[in-house]
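The values are calculated or read from the model by the stated rules, or taken from the named source; none is laboratory data. What you see is a predicted model, and the numbers here were worked out from it, not measured in a lab. Positions of Cβ are backbone-derived with ideal geometry, glycine not excepted, and every protein chain shown enters the neighbour counts.
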Amino acid sequence: MKDFLQQVKATYAAFDASHDFDHIERVMQNAEAILQTEPAADAELIRYAVLLHDVSDKKYTDSKEAEDRLIAMLVLDAEREAKLRHIIEAVSFNGGNEIATTMLEAKIVRDADRLDAIGAVGIARTFAFGGAKGRKLYDTTEEVRENMTEAEYRSRNSASVTHFYEKLLKLKDLMTTPKGQELVASRHAFMEQFLQQLQMERDGKA
């Protein structure tokens, strides 16, 4: 397990600050909080999925080599490996084209990851990613897209503030676990407050 964790950390070390191992640790903390209220869930699979859910993130790679290699190190039976892969696949928002899932473990990891996409940390991560990709802070002329395909979602180098409206503000209503729904409220409210303050500063009213 020590070698496994070292290789997981080495994979995330190549990503920018929005998807580094600190992100994984925060998602793990969120998942553990949700697990406290979901005793029927498979905690081991959830922890593995948290560790691996971004190693093959399409924002950074078109390959699943790292995911396949790291899953192989866990030496799971076929059924548990299939479940783990489903959880990982179910996490991504994909421009509103997330895959359907009824698996409790997938819902927990998805909620845990989305909690880290909003609130103060979510705001910081959005601008960290935008900076790494050379995106504008905001663009008042940019159209907020609805009903995108995954390809459309990933193809445009949208301003960071546009991302709030295309994804982050939608996450509150997409939480599926009771604990996730409880935890999301204050983070969503803080994000709305931030956007209001940003608008006032942009307009010279604050």
Worksheet item: Are there any pairs, at least 6 apart or on different chains, whose C-beta atoms fall under 9 Å, with the first in the stretch 26-43 and at negative phi and of a type in the set (D, E) and the second surrounded by 17 or more Cβ atoms within 10 Å (Cβ to Cβ) and in a loop (DSSP other than H, G, I, E, B), and if so, which?
Response: E38/T177
Worksheet, complete the sentence: Of the residues in the stretch 131-167 that are at pLDDT 95 or above and among the small types (G, A, S), the one that is surrounded by the most Cβ atoms within 10 Å (Cβ to Cβ) is S160
Practice prompt. Spot the failing condition for E79; the list is (1) without any contact (Cβ under 8 Å) to a residue 60 or more places away in the chain; (2) part of a loop (DSSP other than H, G, I, E, B); (3) out of contact with any Gly (no Cβ under 7 Å at 6 or more places or on another chain); (4) not β-branched (V, I, T), and only one is missed.
Written response: (2)
Worksheet item: What tally of residues in the stretch 31-45 results from selecting those that are under 14 Å from T176 (Cα atoms) and polar (S, T, N, Q)?
Response: 1
Worksheet item: So which residues in the stretch 142-167 are touching a residue at least 24 places away in the same chain (Cβ under 8 Å), under 14 Å from G96 (Cα atoms), in a helix (DSSP H, G or I) and not basic (K, R), if there are any at all?
Response: E150, E152, Y153, H163, F164, E166
Practice prompt. Would you check which residues across the stretch 168-193 are of a type outside the set (V, I, T), surrounded by fewer than 16 Cβ atoms within 10 Å (Cβ to Cβ) and not in a helix (DSSP H, G or I) and list them?
Written response: none
